[in-house]
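Novice: Sharing a structure, written as structure tokens. Questions coming.
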Amino acid sequence: MLKDIVVFVDPSGKGDEWLRFAATVAARYKARLVGVYVVGDPSPSHGHVRGQGAIQNMIVSFVIREQRKATSTGNRFMEIASQYNAKARFCVVWSDADTNRRIVQHSLLADIVVVGQRRPHGLPEHWSLESLLAASGCPILLVPAGWKEPVAPQRLAIAWNASKEARRAIVDAMPFLLRAHCVTVLAVDQEDDLPGIELLQHLARHGVRANIRHVDSIGTSIGDTILSEASNVHADLIVMGAYSHTKSRRLMFGGVTQTIAKNASIPILMSR
């Protein structure tokens, strides 16, 4: 069951698309929604601000400005949560030497973390999806730009490559799978049918009825093939293991995770 959902909040209105989706999911699963707003770095550019007094005044102005922005962002977050009847709490992480640890700490205490597709995803600029997954081990629910679907996912596509990351994603997605109207396993370029059939049996023992589609990429990238097949089955959520290939292989051939995260038009639940 989902009990705690963390969503990183963008101070601009562009982040409302993933706030609303997170609130929808939280309300459906009666989970607590925790909004985390990470304040930027107040360090001045010495090319523009000179002198100790000027630097101090700039930092004070920054703090006052960010306090107002945090208040406004928190009010907007609580208003959106209230619209969907989601239990909610808002937290502010101020930028200091401990920022990274506190970002990870919030993620460690969540069943799922919701972020936006656009960088910086509601996180500091230097944080990537890969670094958040590696640091926290928490599944990430990536919401595409412009997503306005008002309901929690109903039709799921599982990207299955018989990896430990894919297996982890299925476990993390079980609350969604159990309530889905339709579940399709996408086995791309999998020569052996047996693992896919055994996966269907495993899901059935958990109460999840699923079907499987064996697909050949035939010259198309695996990531693009998964996106195309997910569209063919009208999926509104893709479940996948993230970064299951080595970094050198991703650099040489391109990464499936990066392709899907960049180009997806539906939400992605990814685990590692």
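The values are calculated or read from the model by the stated rules, or taken from the named source; none is laboratory data. As the structure is a computational prediction, the values presented were derived from the model and not from experiment. Heads up, the Cβs are rebuilt from the backbone with ideal geometry, glycines too, and the neighbour counts pull from every protein chain shown. We work out accessible area using only protein heavy atoms, side chains counted, and drop any ligands, DNA or RNA first. Shrake-Rupley method; radii C 1.70, N 1.55, O 1.52, S 1.80 Å.
Novice: I'm checking my understanding of the structure. Among residues of the stretch 207-220 that are modelled with pLDDT of 90 or more and loosely packed, with under 11 Cβ neighbours inside 10 Å, which one is nearest to ALA162 (Cα to Cα)?
Specialist: So, considering only residues that are modelled with pLDDT of 90 or more and loosely packed, with under 11 Cβ neighbours inside 10 Å, the one nearest to ALA162 (Cα to Cα) is ASN211.
Novice: Among the listed residues ALA81, ALA70, which satisfies the condition of being within 16 Å of VAL6 (Cα to Cα), small (Gly, Ala, Ser) and at pLDDT 85 or above?
Specialist: None of the others qualify; the one that does is ALA81.
Novice: Condition first: in a helix (DSSP H, G or I) and modelled with pLDDT of 90 or more. Can you find one or more residues in the stretch 179-191 that meet it?
Specialist: Yes, the stretch 179-191 contains at least one residue that is in a helix (DSSP H, G or I) and modelled with pLDDT of 90 or more.
Novice: LYS262 fails exactly one of the following numbered conditions: (1) at pLDDT 90 or above; (2) open to solvent by less than 80 Å² (accessible area, probe 1.4 Å); (3) within 17 Å of the chain's Cα centre (by Cα). What is the number of that condition?
Specialist: Only one criterion in (1) at pLDDT 90 or above; (2) open to solvent by less than 80 Å² (accessible area, probe 1.4 Å); (3) within 17 Å of the chain's Cα centre (by Cα) is unmet by LYS262, namely (2).
Novice: Filtering the stretch 78-105 down to residues that are open to solvent by less than 60 Å² (accessible area, probe 1.4 Å) and polar (S, T, N, Q), which residue is farthest from VAL34 (Cα to Cα)?
Specialist: Here the answer is SER95.
Novice: Could you pull out every one of the strands (runs of 3 or more DSSP E) wholly within the stretch 104-177 that has 1 or more residues that are modelled with pLDDT under 90 and under 17 Å from PRO267 (Cα atoms)?
Specialist: Correct list: 112-116.
Novice: How many residues does the stretch 221-232 contain that are assigned to a loop (DSSP other than H, G, I, E, B) and open to solvent by less than 20 Å² (accessible area, probe 1.4 Å)?
Specialist: The total comes to 0.
Novice: Just to be sure, is LEU108 open to solvent by 30 Å² or more (accessible area, probe 1.4 Å) and touching a helix residue (DSSP H, G or I) at 6+ places or on another chain (Cβ under 7 Å)? So that I can check it myself, show each step before the final result.
Specialist: Numbers: open to solvent by 30 Å² or more (accessible area, probe 1.4 Å): yes; touching a helix residue (DSSP H, G or I) at 6+ places or on another chain (Cβ under 7 Å): yes.
Considered against the rule, which asks whether it is open to solvent by 30 Å² or more (accessible area, probe 1.4 Å) and touching a helix residue (DSSP H, G or I) at 6+ places or on another chain (Cβ under 7 Å), LEU108 comes out as yes.
Novice: Conditions: (1) more than 26 Å from VAL9 (Cα to Cα); (2) surrounded by 21 or more Cβ atoms within 10 Å (Cβ to Cβ). LEU129 meets all but one. Number of the miss?
Specialist: (1)
Novice: Right, something else. Select, from ASN57, ASN75, the only residue that is modelled with pLDDT under 80 and of a type in the set (S, T, N, Q).
Specialist: Matching residue, one of ASN57, ASN75: ASN57.
Novice: Within the stretch 168-206, track down each residue that is surrounded by fewer than 15 Cβ atoms within 10 Å (Cβ to Cβ) and among the charged types (D, E, K, R).
Specialist: ARG179, ASP189, GLU191, ASP192, ASP193, GLU198, ARG205
Novice: If TRP160 passes every condition in (1) within 20 Å of THR257 (Cα to Cα); (2) in contact (Cβ under 8 Å) with a residue 60 or more places away in the chain; (3) buried (at least 17 other Cβ atoms within 10 Å of the Cβ) but one, which one does it miss?
Specialist: (2)
Novice: Inside the stretch 84-137, can you point out the residues that are basic (Lys, Arg) and within 15 Å of ALA22 (Cα to Cα)?
Specialist: LYS87, ARG89
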